[in-house]
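Worksheet: one structure, shown below.
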Amino acid sequence: MALFAAEPGMDAEDIGDAHFKPFVDDGRILKFSYIDPETSIEERRYCLPTEEWRCKLSQMISRMCRNGAAFNVFTTNDLARIEGTLLGYPKDSIEAFIAHATALKI
């Protein structure tokens, strides 16, 4: 899975997903897009066929974060672990990211 966010006025070249289009067009990669009505930020998610669950789960968690519901269930570290796993990062890289982010907060 890949995840990109585009502010209004940004195009695919600006955010780095321009090279996905030919693969989306021929069905080798699936694209899920959501535009937040409050911020107009577009979230673009890409995955391989049969991996749609990754994009759908990521979208659901993103919406839950925006309305605050996710924080009633998950810690920010939990959410980082989920997102990192959905994006395919190895567990040690996810834990290193969390340790780094925690150190920056101190």
Anything in region 56-72 that is of a type outside the set (Ser, Thr, Tyr) and either open to solvent by less than 100 Å² (accessible area, probe 1.4 Å) or closer than 22 Å to Met1 by Cα (or both)? List them, or say none. Lys56, Leu57, Gln59, Met60, Ile61, Arg63, Met64, Cys65, Arg66, Gly68, Ala69, Ala70
Taking region 42-55 only, how many residues are hydrophobic (A, V, I, L, M, F, W, C), within 17 Å of Val24 (Cβ to Cβ) and open to solvent by 50 Å² or more (accessible area, probe 1.4 Å)? 1
Select from region 16-54 the residues that are on the phi > 0 side of the Ramachandran plot and not polar (S, T, N, Q) and write down the one among them that is nearest to the chain's Cα centre (by Cα). Gly16
Working only within region 1-40, note down all residues that are open to solvent by less than 60 Å² (accessible area, probe 1.4 Å), hydrophobic (A, V, I, L, M, F, W, C), outside any strand (DSSP E or B) and modelled with pLDDT of 90 or more. Met1, Phe20, Val24, Ile29
Could you give me the residue pairs with C-beta distances under 8 Å whose first residue belongs to region 91-106 and is in contact (Cβ under 8 Å) with a residue 12 or more places away in the chain, whose second residue is open to solvent by 60 Å² or more (accessible area, probe 1.4 Å) and in a helix (DSSP H, G or I) wherever it lies, and which are 6+ apart or on separate chains? Ile94/Arg81; Ile94/Thr85; Ile98/Arg81
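The values are calculated or read from the model by the stated rules, or taken from the named source; none is laboratory data. This one's a predicted model, so the numbers in the text were calculated from it and none came from an experiment. Neighbour counts run over all protein chains shown; Cβ positions are idealised from the backbone, glycine included. Each accessible area value is taken on the protein alone, full model and side chains, heavy atoms only, with ligands, DNA and RNA left out. Shrake-Rupley method; radii C 1.70, N 1.55, O 1.52, S 1.80 Å.
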